[in-house]
Amino acid sequence: MKVICILCDEPFTPTKFQARKIIKHPHKIQICESCYDRISAKVSHREEKA
Ligand SMILES: [Zn+2]
């Protein structure tokens with residue numbers, strides 16, 4: 001199973017957990033692990049600031 005990441009446009013293999021989510025909600029956008037890490041790093045940084 002391959003998914004295209006909406007942020008870096010690269011195909012990646014979802015984790016088992018992601019794959020289950022994709023099957024349940026195929027309309028939802030998916031991002032790869034490295035982009036997810038980048039985003040969650042940003043978010044936690046923002047929370048630190050606030
Ligand atoms: Zn990505």
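Taken together, the values in this text are just the output of simple stated rules run on the coordinates, not laboratory data. None of these values were measured; they are calculated from a predicted model. As a convention, Cβ positions derive from the backbone with ideal geometry for all residues, glycine included, and neighbour counts pool all protein chains shown.
Just add up the charged neighbours of P14: K/R +1, D/E -1, any other residue whose Cβ is under 11 Å from the Cβ of P14.
Taking every Cβ under 11 Å from that of P14, the sum is +3.
Once both labels are modelled 7 Å past Cα along the beta-carbon direction, what's the E10-V43 spacing in nm?
In this crude spin-label approximation the distance works out to 2.1 nm.
How much net charge surrounds K28 when only the other residues with a Cβ under 13 Å from the Cβ of K28 are counted, with Lys and Arg +1 and Asp and Glu -1?
+3
Given 5 Å bins starting at zero, what is the percent of C-alpha pairs of the chain in each, up to the one with the largest pair distance?
The calculated distribution, bin by bin, is 5, 21, 24, 21, 13, 10, 6, 1.
Nearest 500 deg cm²/dmol is fine: what mean residue ellipticity at 222 nm does the chain get from its DSSP H runs of n ≥ 4 alone, each adding -39,500 (n - 2.57), divided by its residue count?
-16500 deg cm²/dmol
Defining a contact as two alpha carbons under 8 Å apart and six or more residues distant in sequence, what relative contact order in percent does the range 1-45 show?
With pairs under 8 Å counted, the relative contact order is 38 percent.
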